[in-house]
Structure formats: structure tokens, C-alpha cells
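Working notes, structure below.
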Amino acid sequence: MLVNAIGNAPPTQFAAPPEDKAASPVLREKVFGLPVDRDILFTDDHNVYQAPVEKRQRQWIVKLSFLKAFLLSGERILRITSARSPMKWYLQLFTGGVFLGMENAFLVFTTYRILHIPTGSDYAYRQSIAQVRYRDIRRIRLRWRTLEIDYKNGRSERFSGVALRERKKIKQLLPALPLVKQVLQPVGRRHLCPRCGAVLSERKMSCRRCELPFKTKGMAGMMAFLFPGGGHFYTRLYYPGLVFSVLEGLLMALLVTVGASLVPVNEYRVLIIVGIVLGLSAVKAVGWRHAGHFLEQYIPRSSRLGRWSPDSARDRSVQ
Ligand SMILES: [Zn+2]
């Protein structure tokens, strides 16, 4: 077979660098204004250009044009895949995987880090972005469709649902990532301020640089306690908010029905009421934790971020 004959070239030809086959020099171009490495972005795991790969990567990169503001000078995009954000197992268990689509995300491999962009089922940017610097990674591997990252600070995270068609290329990419042995202050995945791009502190729910405030778990807990589906509505998650409010509404209606019924008081009625109250509390608790899980993605308190530049901060400090 001809293909085989080319593939099994005599050993002497392997010595030549792969670029020699293509007459063009390595192009460091931009796609939709974003700096990319086309030789990695548009090729398969044998480094051969593939039109379907280019089409897929371009479709994704169109949705990621906002990244321009976050990329550092000289940083280039190597590859993009869809995946799912890390989620605690008990949340997945208690919500029955009903809201799994809301965990959709992009993972963008650049020359310096992996950018994690939690999007939800429509793969649209919702002003939330995190980074995993290669230098903070102790070990990274792809197991079937799950990207497993062990950080040098002892934490581990799992990104499931990596795109099937991107698996082979990412498997090829991972051993080539510039992981370093030692780092003075290792950190895990850290979120970035959607307004100024600064790395956000894990304990403070506002940006240290531009002071953008984010929604808090405490407030979500209060809303979840006071209103049916309140935790989710506060987090701007309307679909699960609706599901939880219907569930809580039904339980409350049941409570009123049983409580106000003219059936004479007996131990069964009390037991049923206690059971409903416990069930309602459990639903509220799960709703709060589920909404809180999304608040860990740093959702700005106002959906309008407004403009911010280092100059405006300087002006204010002068005043
Ligand atoms: Zn900021």
C-alpha cells in the first residue's frame, strides 16, 4: 500500500525534522484575533493538517474571542476542547446528574497554562474563567475522557467529558507541556477576575485589583432558606431554580394539606409532618450546596462589569 510505504520510510529520513516536509515556515498567526499555533491547533495526533479539525477548532475559538483580554504577551493557544467542570461526587449524586449540562466548559491549552472556562450547556461565556499553570501541575493525564490533574499543593481535580475527537491530540500534547520540577509557591486552579484579569484570592469574594464584587455562598444560603429555589435564582441559574422551587412548593403544599387536615391527631400524622419537614430541609440544603458550587466559579454580583483600566484605578487613588 502506498500509504504504508510512505509511513514506513527508511530510518535515515526520520532524522529530518518534521517541518522540512512542509515548505512553509512555522506560522505564528492569529485566528479571530487570538494568537495561535496552527501547527498544533489544526493538526491530528500525527501532526498532519486536518480540515475537520480546523473547522471544529474555529467554531470553538469564535466563542472564545474574549480571551484576547486574558492572554499574556507571547502566550499562544495550542488546542481547545470541550469538557466538564470539576464537580464534587455528592452533588452529582444528590442532583442525579439532572443538571450535568450546566457543568459544560472549555479547556484551552496555551503555551503557559490551561484556561478553564465554565460555560453551561450553550457553551457561552458567563464571565467566569480560571487558570491552571503548567508549573503548578505535578502530574497530568487523560484517562478515557477524564483529564486528571494532581497539583503540587496536594490537591487533585478531574475534568470529565473531554471531547472524544480531541482525545488523541491531547494525549499527544500532555507529555510535551512545560511542567517544571520545583516551584516556590505552588497553587491549584485559580479563577481570574473577568474585568481586569487579576488572579482572584480563594477567600476573598472581590477582586483585589479592581474591587469587582462577586456573589457569596452566605447570601445564597439565606436566599435558599427564605425562598423556594432562592439559592439558584440568586446565582442566576434559572432552570435548576425552577426545578427546586417546584419541588419545594409541592412539599410545602403537602405539609399544609396534612397539617390542616381534619383527620384527628395521631402519631402517624405527626410522623408524616416530621418527614415532610425533613424532606424540605434536605431539598433546601441540596439546592444551597448546588448553587454554592457555581458560586465557586466567581459570578460577578452585577452582570454588567463596566470598564476598568489601570489608569482609572490610578486616577481614583490620586483623588
Ligand atoms: Zn479585577
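Remarks
- Test: A198 is of a type in the set (G, A, S) and more than 16 Å from the ligand (Cβ to nearest atom): no
- Selection within the stretch 86-116: residues that are closer than 16 Å to L237 by Cβ and assigned to a strand (DSSP E or B). The member of this set that is farthest from the chain's Cα centre (by Cα) is N104.
- Pair list, Cβ < 6 Å and 6+ apart or interchain, from the stretch 199-225 residues that are farther than 19 Å from G188 by Cα to residues that are within 11 Å of the ligand (Cβ to nearest atom) and among the aromatic types (F, W, Y): C210/W308; F214/Y298
- Those residues of the stretch 203-226 which are surrounded by fewer than 16 Cβ atoms within 10 Å (Cβ to Cβ), assigned to a loop (DSSP other than H, G, I, E, B) and either in the same structural domain as I149 (by TED's automatic domain parsing) or more than 10 Å from the ligand (Cβ to nearest atom) (or both), in sequence order: R203, K204
- Of all residues in the stretch 47-85, those satisfying the criterion of being assigned to a helix (DSSP H, G or I), within 21 Å of R167 (Cβ to Cβ) and touching a Phe, Trp or Tyr at 6+ places or on another chain (Cβ under 7 Å) are V53, E54, Q57, W60, I61.
- Within the stretch 239-280, the set of residues being touching a helix residue (DSSP H, G or I) at 6+ places or on another chain (Cβ under 9 Å), in a helix (DSSP H, G or I) and hydroxyl-bearing (S, T, Y) comprises Y239, S245.
- Every condition in (1) at pLDDT below 85; (2) among the hydrophobic types (A, V, I, L, M, F, W, C); (3) touching a Gly at 6+ places or on another chain (Cβ under 6 Å) is met by F14 except one, and the failing one is (3).
- Just so you know, in the stretch 263-291 the residues that are under 17 Å from G96 (Cα atoms) and of a type outside the set (A, V, I, L, M, F, W, C) include one that is farthest from the ligand (Cβ to nearest atom), and it is G279.
- Residue that is closer than 16 Å to M87 by Cβ and in the same structural domain as R76 (by TED's automatic domain parsing), where the choices are R143, R155: R155
- Set side by side, the residues K181, K152, K171 differ, and just one is touching a Leu at 6+ places or on another chain (Cβ under 6 Å) and away from the ligand (no atom under 16 Å from the Cβ), which is K171.
The values are calculated or read from the model by the stated rules, or taken from the named source; none is laboratory data. Here the structure is a predicted model, which is why all the values come from computation and not from measurement. Counting neighbours? That spans all protein chains shown, and the Cβs are built from the backbone with ideal geometry, glycine included.
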